[in-house]
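Contents: one structure, followed by commentary.
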Amino acid sequence: MQILSPAVQDSLVWLTDHLEQVLDETVQLCQIPAPTFEEAARAVYVAERMRAIGLHDVQVDDIHNVTGILNGAGPGPTTLVAAHIDT
């Protein structure tokens, strides 16, 4: 039997409570065309959403990579999240 940490359990509860919002946001993101090497519009959208949820130092580079920082609530390890933005 796998036992989830309290943090993972809390995250799953949040996701369940906000599932419609998450799905709507995902659909909205996917409706922005972003073929390989033409991701500018989607990158701008992602950067705007990152700022809206509180990330700072949000940047879009020349090849449409989007980066930002979200500080944690206390000491602990650093986490890097990475994903493709093109379709």
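The values are calculated or read from the model by the stated rules, or taken from the named source; none is laboratory data. Everything numeric here is computed off the predicted structure, so don't read it as measured data. Don't worry about glycine lacking a Cβ; one is built from the backbone with ideal geometry, like all the others, and counts go over all protein chains shown.
Filtering the stretch 49-71 for residues that are in a loop (DSSP other than H, G, I, E, B), polar (S, T, N, Q) and either closer than 20 Å to Ala83 by Cα or more than 13 Å from the chain's Cα centre (by Cα) (or both) leaves a non-empty set.
Across the stretch 31-53, a minimum of one residue is classified as modelled with pLDDT under 95 and of a type in the set (S, T, N, Q).
Screening Ile53, Ile32, Ile85 for residues that are of a type outside the set (S, T, N, Q) and surrounded by fewer than 10 Cβ atoms within 10 Å (Cβ to Cβ) leaves exactly one candidate, Ile53.
Taking every residue in the stretch 63-77 that is surrounded by 10 or more Cβ atoms within 10 Å (Cβ to Cβ) and pairing it with any residue that is part of a loop (DSSP other than H, G, I, E, B) and modelled with pLDDT under 90, at least 6 positions away or on another chain, the pairs with Cβ-Cβ distances below 8 Å are His64/Ile85; Asn65/Ile85; Val66/Ile85.
Condition first: modelled with pLDDT of 95 or more, surrounded by 11 or more Cβ atoms within 10 Å (Cβ to Cβ) and either β-branched (Val, Ile, Thr) or assigned to a loop (DSSP other than H, G, I, E, B) (or both). Can you find one or more residues in the stretch 8-25 that meet it? Checking the stretch 8-25: at least one residue is modelled with pLDDT of 95 or more, surrounded by 11 or more Cβ atoms within 10 Å (Cβ to Cβ) and either β-branched (Val, Ile, Thr) or assigned to a loop (DSSP other than H, G, I, E, B) (or both).
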